[in-house]
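In what follows, a structure is listed as structure tokens, so that the remarks can point back to it.
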Amino acid sequence: MSNPIRRFRYIIYLLDILLLSFTAFGGPQVHLMMMIERLVKKRRYITEEELLELQALCQILPGPSSTQTVTAIGLKIGGQPLAYLSLLVWSLPAMLLMTLAAIGVHLLEQKKISLSFTRFVGPMAVAFLMHGAYAIARKVIHNFQGWSFLIISTILAYLFPSPYMTPLLIVSGGVAASLNFRQHEKMERGPIKITWRPLIFWISVLLVAAGIGTVTKSLPVRLFENFYRNGSMVFGGGQVLIPILYNEFVEFKHYLTDQEFLSGMALTQIVPGPVFSVATYVGSLSMQSYGITGQIIGGFVSTAGIFLPGTFFIFFAYPIWGQLKKYRGIRASLDGLHATSCGLTIAAAISLFEPMAVDWQSVLTVLITLLILFFTKIPSYLLIILGLLLGLLIV
């Protein structure tokens, strides 16, 4: 394929990703169906089997699975330059929208305008988290070991809501589950040729950011490091990231109030693209005392921090995935990783619901939203828009 034709194909691919980034509502499962429709059936960039294989790989790596899938397709088609461009095009619309949302929330509070019109949105967001926890558990937990890990991680995460508890639980769950590797079928393994450069980049960025943040005390640098660390430890998608951010930035550091966080959590349901865009909102509001310019910087560094680790992991794992998945210990560890991640989500849902339990209106909103999610197919973004309208109409 000649260079002009190749470049033209890359441009078409990036335009397809841009279209998806503006229309992909509803989380990884919906994103996958849209990718199959556009990238597989219509454009044939990749086969459906290859796409599902990539999705499976991204599910077991830390980071945002849909974003990593898009990045991996770009890597397959055009190497690392196209992979980075795919990441940028996919995440940019959600980043801009969530930064604007954070600025809007801050301006409303600055002008003493009540956020009471979002009062239905917070309980609805908690219902989404509860439903997400149920959906994850139903999908990934199949035995007594998985349920045990889920219960233990839920209790520990609830009792000790520290940002350090998250990586400890996830790593412990993976290591404990990997001990049951003998239950998995042996597969013929060949030699693995590993390129360590992506992992060297990953750890180097983490250490440099942590060092500069410690020395300079610069909030943007510390925010980048915080989100980079979280992005390096999140297995299971946006539903797992949300409790991690809540623990660190609301309960531990008090950068955001409960209401601000819940509003952003709900807004991710009406913004297309990656659910990880909630990090943009949290980072932007974390710098609200620095004005609009500070909020833009906060949104940018948080977005870069949350998405970069997953990209480095894809660059490392994609070339060796075919051999890596043949190791029984790797396959066995997935049960523990997913179960503990699900426990983190449940613990966050409990913590967020607790202060609402004394308000009948909030409890009723949670119950009604859960019933709608379980028994209808109404898109989540329409529910959130309806909740905002109800908040404006009902004084």
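Laid out as a table, the results:
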{"item": "Some residue of region 246-262 being crowded, with 23+ Cβ neighbours inside 10 Å, touching a Pro at 6+ places or on another chain (Cβ under 7 Å) and within 26 Å of Trp90 (Cα to Cα)", "result": "no"}
{"item": "Every pair of residues 6+ apart whose Cβ atoms lie under 9 Å, when the first sits in region 75-97 and is under 28 Å from Ser284 (Cα atoms) and touching a residue at least 12 places away in the same chain (Cβ under 8 Å) while the second is surrounded by fewer than 17 Cβ atoms within 10 Å (Cβ to Cβ) and hydrophobic (A, V, I, L, M, F, W, C)", "result": "Val89/Leu15; Val89/Leu18; Trp90/Leu18; Leu92/Leu18; Pro93/Leu18; Pro93/Phe22"}
{"item": "Which numbered condition Leu285 fails, given (1) part of a helix (DSSP H, G or I); (2) under 30 Å from Gln80 (Cβ atoms)", "result": "(2)"}
{"item": "Any hit, region 164-176, residues being touching a Lys or Arg at 6+ places or on another chain (Cβ under 9 Å) and either β-branched (Val, Ile, Thr) or under 30 Å from Gly298 (Cα atoms) (or both)", "result": "yes"}
{"item": "Residues being exposed (fewer than 15 other Cβ atoms within 10 Å of the Cβ), within 22 Å of Ala133 (Cβ to Cβ) and touching a residue at least 12 places away in the same chain (Cβ under 8 Å) - total across region 368-395", "result": "2"}
{"item": "Residues that are at pLDDT 80 or above and either in a helix (DSSP H, G or I) or open to solvent by less than 10 Å² (accessible area, probe 1.4 Å) (or both), drawn from region 25-43", "result": "Met35, Ile36, Glu37, Arg38, Leu39, Val40, Lys41, Lys42"}
{"item": "Enumeration of residues in region 201-245 that are open to solvent by less than 30 Å² (accessible area, probe 1.4 Å) and among the β-branched types (Val, Ile, Thr)", "result": "Val234, Val240, Ile242, Ile244"}
{"item": "Unique match (being of a type in the set (Val, Ile, Thr), in contact with a Gly (Cβ under 9 Å, 6 or more places away or on another chain) and at pLDDT 80 or above) among Ile73, Ile136, Ile152", "result": "Ile152"}
{"item": "Some residue of region 44-51 being within 23 Å of the chain's Cα centre (by Cα), surrounded by 17 or more Cβ atoms within 10 Å (Cβ to Cβ) and not β-branched (Val, Ile, Thr)", "result": "yes"}
{"item": "In region 337-367, the residues that are in contact (Cβ under 8 Å) with a residue 24 or more places away in the chain and among the β-branched types (Val, Ile, Thr)", "result": "Thr340, Thr345, Ile346, Ile350, Val363, Thr365, Val366"}
{"item": "Residue identified as modelled with pLDDT of 90 or more, of a type in the set (Val, Ile, Thr) and in contact with a helix residue (DSSP H, G or I) (Cβ under 8 Å, 6 or more places away or on another chain) among Val240, Val221, Val234", "result": "Val221"}
{"item": "Matching residues, region 94-115, being open to solvent by 10 Å² or more (accessible area, probe 1.4 Å) and touching a helix residue (DSSP H, G or I) at 6+ places or on another chain (Cβ under 7 Å)", "result": "Met95, Thr99, Ala101, Ile103, Val105, His106, Leu115"}
{"item": "Residue ID - farthest from Leu54 (Cα to Cα), chosen from residues in region 326-380 that are of a type in the set (Asp, Glu) and part of a helix (DSSP H, G or I)", "result": "Glu354"}
{"item": "Any chance Gly190 is assigned to a loop (DSSP other than H, G, I, E, B), modelled with pLDDT under 85 and under 22 Å from Phe149 (Cα atoms)", "result": "no"}
{"item": "Residue within region 315-325 that is outside any helix (DSSP H, G or I), open to solvent by 30 Å² or more (accessible area, probe 1.4 Å), of a type outside the set (Gly, Ala, Ser) and at pLDDT below 85 present", "result": "yes"}
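Results for (1) among the charged types (D, E, K, R); (2) at pLDDT 80 or above; (3) open to solvent by 80 Å² or more (accessible area, probe 1.4 Å), shown as yes or no for each residue.
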site	(1), (2), (3)
Arg119	yes, no, no
Phe160	no, yes, yes
Pro163	no, no, no
Leu199	no, yes, no
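A quick yes/no check of all residues on (1) touching a helix residue (DSSP H, G or I) at 6+ places or on another chain (Cβ under 9 Å); (2) farther than 23 Å from Val366 by Cα:
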| residue | (1), (2) |
| --- | --- |
| Leu207 | no, yes |
| Ile212 | yes, yes |
| Arg229 | yes, yes |
| Asn247 | yes, no |
| Phe261 | yes, no |
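The values are calculated or read from the model by the stated rules, or taken from the named source; none is laboratory data. All figures in this text were calculated on a predicted structure; none of them were measured in a lab. Counting neighbours? That spans all protein chains shown, and the Cβs are built from the backbone with ideal geometry, glycine included. All accessible areas refer to the heavy atoms of the entire protein, side chains included, with ligands and DNA or RNA removed. Shrake-Rupley method; radii C 1.70, N 1.55, O 1.52, S 1.80 Å.
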